[in-house]
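Enquirer: First, the structure itself, so that you have it in front of you.
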Amino acid sequence: MMPRKGVRWLAIAVSIGMAAAVIAGLAVVGSPAHQRALRMDGRRVSDLSRISLQVMGYWSQHKSLPPDLAAIDAEQIHTTDPVSGVAYGYVVTGPDTYRLCADFDAASESEEMGRDGYIPPGGQRWHHPAGKHCFDMDRKSPGAPSF
């Protein structure tokens, strides 16, 4: 049988070890709030990619870019932010070009794409900072921002 003092030190050492493991885990994967922010931003990128594909479909039928997001088939895609409910930004910038904008909770991370199993076309091109960010798009490159 271990003396009481030894059990006490063992309990302290185990507690410190567990606390260190929890802190290290949070440092590696981030806090739950940060993970939620990345998940919502992934949803925003997915929505913007799908909007881009719908814009291409609109172009195929009308030979012009849609004047606004209401003109595309909104039943198949989300045209509003999943958290705030505010419509994504969409502006026609030229005969074949347009801009899509969203307000992101966190800066994108290199492994952000594909966590939910979905990698939007041109996924790595969707990198963004935290806050409002716009992507310049070209109808000839559906699903991905142009460089």
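The values are calculated or read from the model by the stated rules, or taken from the named source; none is laboratory data. Everything numeric here is computed off the predicted structure, so don't read it as measured data. When we count neighbours, we look across all protein chains shown, and the Cβ atoms used for this are built from the backbone with ideal geometry, even at glycine. Please note that ligands, DNA and RNA were not included when accessible areas were found on the heavy atoms of the full protein model with its side chains. Shrake-Rupley method; radii C 1.70, N 1.55, O 1.52, S 1.80 Å.
Enquirer: Could you check G89 against (1) open to solvent by 50 Å² or more (accessible area, probe 1.4 Å); (2) touching a Cys at 6+ places or on another chain (Cβ under 8 Å) and say which number it fails?
Expert: Failing condition for G89: (1).
Each row is one residue, and each column tells you yes or no for (1) modelled with pLDDT of 70 or more; (2) within 30 Å of Y88 (Cβ to Cβ).
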position	(1), (2)
M2	no, no
V7	yes, no
A13	yes, no
I16	yes, no
A19	no, no
A24	no, no
V29	no, yes
A33	yes, yes
R43	yes, yes
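Enquirer: For S31, all conditions in the list (1) surrounded by 16 or more Cβ atoms within 10 Å (Cβ to Cβ); (2) small (G, A, S); (3) farther than 26 Å from K140 by Cβ hold save one; what is the number of the exception?
Expert: Tallying (1) surrounded by 16 or more Cβ atoms within 10 Å (Cβ to Cβ); (2) small (G, A, S); (3) farther than 26 Å from K140 by Cβ, S31 fails exactly one: (1).
Enquirer: Open to solvent by less than 30 Å² (accessible area, probe 1.4 Å) and modelled with pLDDT of 95 or more: is that true of G123 in this structure?
Expert: Answer is no for this residue.
Enquirer: Which number in (1) within 12 Å of the chain's Cα centre (by Cα); (2) assigned to a loop (DSSP other than H, G, I, E, B); (3) modelled with pLDDT under 90 marks the one condition that P129 misses?
Expert: For P129, the exception is condition (3).
Enquirer: Residues being within 15 Å of R125 (Cβ to Cβ) and of a type in the set (D, E, K, R): count how many of those fall in region 32-49.
Expert: Total meeting the criteria: 2.
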